[in-house]
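First the structure, in the form of structure tokens, and then the observations on it.
The values are calculated or read from the model by the stated rules, or taken from the named source; none is laboratory data. Please read these numbers as outputs of a predicted model, since none were measured by experiment. Cβ: placed from backbone, ideal geometry, glycine included. Neighbour counts: every protein chain shown.
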Amino acid sequence: MIKRQKGCNDIYGKEAKIWKYVDTVIDALMEKYNYNYIRTPIFEATELFHRGVGETTDIVSKESYDFVDKGGREVTLRPEGTAGVVRSYIENKMYGDPNQPVKVYYNGTMYRYERPQSGRDRELTQFGVEILGSDDPMSDAEVISLAVNLYKMLGLKEIKVNINSLGDTESRKAYREALINYFKPHIDSLCDDCRERFEKNPLRILDCKVDADNEVLKKAPKTLDYLNDESRDRFLKVQEYLEIMQIKYEINPNIVRGLDYYNHTVFEIEAKVDGFGSNNVIGAGGRYNGLVDQLGGPETPCVGFASGIGRIVMALELEKVKLPINDSVDLFLMYVNEDEKKYAAYLAQELRLAGFVVDTEYTDRALKGQFKQADRLNAKFTCVLNSEDLDNNEVKIKNNMTKEEEIISLDVLIYYLDEKLSSMDDECDCCDHDNCGDECHCGDECSCHDSEE
RNA sequence: GCGCCGUUGGUGAAGUGGUUAACACGCUAGUUUGUGGCACUAGUAUGCAUGAGUUCGAUUCUCAUACGACGCCCCA
């Protein structure tokens, strides 16, 4: 048997419906924030990612999907969205567009050559936004607020925003030196990995899980103490805007992010979900004022955010968030003999074109099995086509909830179904009516909320 | 790159060094039923990831490989 590639997933069934739902919520939200959809290629010149990310880290050395194509070109499957967007921004001279800043969002597959574990696959889907061409702290706050609103809109309850500032290049450099000087005499008390980090990327020592309780780590200098006046002022403004937007946040000086191109604001958003695995960060981002310049464009201040759709879906599933997903059919058509079957084919077509969700029997099951199938499909109505009824130009329609049965003339069937179904739809199905929470995230009026008052 | 655990039918799974691999769901047929959902009866893996080894004999023990799960590193 041919199997799927390591770290790749087939998304189907109920899960696929959740994915599609998440996509629709993203599209709707992006429209409100007035971000434009952008699609960039799934593979790019290897150099783009290597230059963007920096050559030093493991990311480039062993975690990217590099290959040489038949023309001898070195290409890489994109590991993240930002580099491609920035390349496109430069190549298409979007910086020349009078409509500034450029606000875009993407939603597509990314590839990372990693060992898979919970919430980490080789093929993943990420949604992300970028604001290119604004250095205004308000844009930092907007990106953070947008992320929070997305998660809330989807129905995730426990969302925690952690923010930090790395400051500008000058501040960042000063901090890095201070950190190295601080850790140098204590290096023996750190774990093996941290000793390695000390050489390669000292900022990440702050993130260490093993040494998290180590006094040396707790007393380490904080990024915020090394911000110059301008950077500090900027960070305060970001906070001010977050407060204006009523976004709750926490300052976490240990958030440093892995890459060099980040400066000023960095943030991570956690979702507190039981069973989420070792990492509960559901989205992250920050400001990267140096990247456009680094990739050969004009100096352009940018801020962005990205979030894995797979992890969002996982959180929604683990939290058992009730979503407005239609998993039922309006009518299931059953039949026994060949003439009835032919009529089922005809009627299914007619009713579908009239706008109903109709399904029927395809595997020649006995009537007993067909009823079971109707239940599996959550059919709202069932109908056993019967030659005698059809001769009288009638069908028997059964409400599968109440089990009431009515004989309906074929001439008025469409009107009958339309009326019955629309009265059923009055209640929104976004929440569990027996155990309804305070918030209704579908945006519609929900009858169960009124009845609770 | 490193570590730990796992791999049994259509599905969820129990289990054992030795004739017929438990149970449940599903499915099929039948009994009953005003056209199903309940109940009952019967059927439904010559096979326990692959390869090698130990053994009189292995699904069960050992090793390797593949795949999966989780964790570390790293995290765009």
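A few comments on the model shown:
- Strands (runs of 3 or more DSSP E) wholly inside segment A:246-341 containing at least 2 residues that are modelled with pLDDT of 90 or more and among the β-branched types (V, I, T): A:263-271, A:281-287
- Test: residue in segment A:10-26 that is within 16 Å of RNA strand B (Cβ to nearest atom), surrounded by fewer than 19 Cβ atoms within 10 Å (Cβ to Cβ), over 20 Å from A:I309 (Cβ atoms) and not aromatic (F, W, Y): no
- Given (1) within 16 Å of RNA strand B (Cβ to nearest atom); (2) outside any helix (DSSP H, G or I); (3) without any contact (Cβ under 8 Å) to a residue 40 or more places away in the chain, index of the condition A:G71 fails: (1)
- Pairs meeting the criteria (first residue in segment A:378-395 and in contact (Cβ under 8 Å) with a residue 12 or more places away in the chain, second residue assigned to a helix (DSSP H, G or I) and of a type in the set (G, A, S), beta carbons under 8 Å, at least 6 apart or on different chains) are A:T382/A:A374; A:L385/A:A344.
- Filtering segment A:162-200 to residues that are within 16 Å of RNA strand B (Cβ to nearest atom) and not in a helix (DSSP H, G or I) leaves A:N162, A:I163, A:N164, A:S165, A:L166, A:L190, A:C191.
- Inclusion of A:N289 among residues that are among the polar types (S, T, N, Q) and farther than 17 Å from A:L203 by Cα is warranted.
So that you can scan it fast, the table gives a plain yes or no per residue for (1) near RNA strand B (Cβ under 10 Å from one of its atoms); (2) modelled with pLDDT under 85:
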| site | (1), (2) |
| --- | --- |
| A:K380 | no, no |
| A:L385 | yes, no |
| A:N392 | no, no |
| A:N399 | yes, no |
| A:E404 | no, yes |
| A:D411 | no, no |
| A:D425 | no, yes |
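- In this structure, A:R39 qualifies as touching a Gly at 6+ places or on another chain (Cβ under 8 Å) and either on the phi < 0 side of the Ramachandran plot or among the hydroxyl-bearing types (S, T, Y) (or both).
- Between A:L124, A:L227, A:L146, A:L150, the distinction of being out of contact with any Ser or Thr (no Cβ under 6 Å at 6 or more places or on another chain) and farther than 20 Å from A:F276 by Cβ belongs to A:L146 only.
- Verdict on A:A178 being at pLDDT 90 or above, aliphatic (A, V, I, L, M) and not assigned by TED's automatic domain parsing to the domain that holds A:E270: yes
- In segment A:28-68, residue nearest to A:E123 (Cα to Cα) [restricted to those that are of a type outside the set (A, V, I, L, M, F, W, C), away from RNA strand B (no atom under 16 Å from the Cβ) and free of Cβ contacts under 8 Å to residues at least 60 places away in the same chain]: A:E31
- Among the residues of segment A:264-273, at least one is in contact with a Lys or Arg (Cβ under 9 Å, 6 or more places away or on another chain), acidic (D, E) and within 14 Å of RNA strand B (Cβ to nearest atom).
- Residue list for segment A:183-200, restricted to those being surrounded by fewer than 19 Cβ atoms within 10 Å (Cβ to Cβ), in contact (Cβ under 8 Å) with a residue 24 or more places away in the chain and not small (G, A, S): A:H186, A:K200
- Pick from segment A:41-68, criterion of a type in the set (S, T, N, Q) and exposed (fewer than 15 other Cβ atoms within 10 Å of the Cβ), ranking: modelled with the highest pLDDT: A:S61
- Conditions (1) more than 16 Å from RNA strand B (Cβ to nearest atom); (2) buried (at least 17 other Cβ atoms within 10 Å of the Cβ); (3) not aliphatic (A, V, I, L, M): number failed by A:E250: (2)
- Hits in segment A:365-377 (condition: under 42 Å from the mean Cα position of the chain (by Cα) and free of Cβ contacts under 8 Å to residues at least 24 places away in the same chain): A:R365, A:K368, A:G369, A:K372, A:R376
- Output for segment A:274-290, where each listed residue is in contact with a Ser or Thr (Cβ under 8 Å, 6 or more places away or on another chain) and away from RNA strand B (no atom under 11 Å from the Cβ): A:I282, A:R287, A:N289, A:G290
- The sole residue among A:V102, A:V143 that is buried (at least 19 other Cβ atoms within 10 Å of the Cβ), within 16 Å of RNA strand B (Cβ to nearest atom), assigned by TED's automatic domain parsing to the domain that holds A:N36 and more than 20 Å from A:V53 (Cα to Cα) is A:V143.
To keep it simple, each residue is scored yes or no on (1) in contact (Cβ under 8 Å) with a residue 60 or more places away in the chain; (2) of a type in the set (A, V, I, L, M); (3) surrounded by fewer than 20 Cβ atoms within 10 Å (Cβ to Cβ); (4) under 30 Å from A:E388 (Cα atoms).
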position	(1), (2), (3), (4)
A:E270	yes, no, yes, no
A:G275	no, no, yes, no
A:S278	yes, no, yes, no
A:I282	yes, yes, no, no
A:L295	yes, yes, yes, no
A:F305	yes, no, no, no
A:E317	yes, no, yes, no
A:L331	yes, yes, no, yes
A:K341	no, no, yes, yes
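- Some residue of segment A:348-356 being loosely packed, with under 13 Cβ neighbours inside 10 Å and either within 16 Å of RNA strand B (Cβ to nearest atom) or under 30 Å from A:V161 (Cβ atoms) (or both): no
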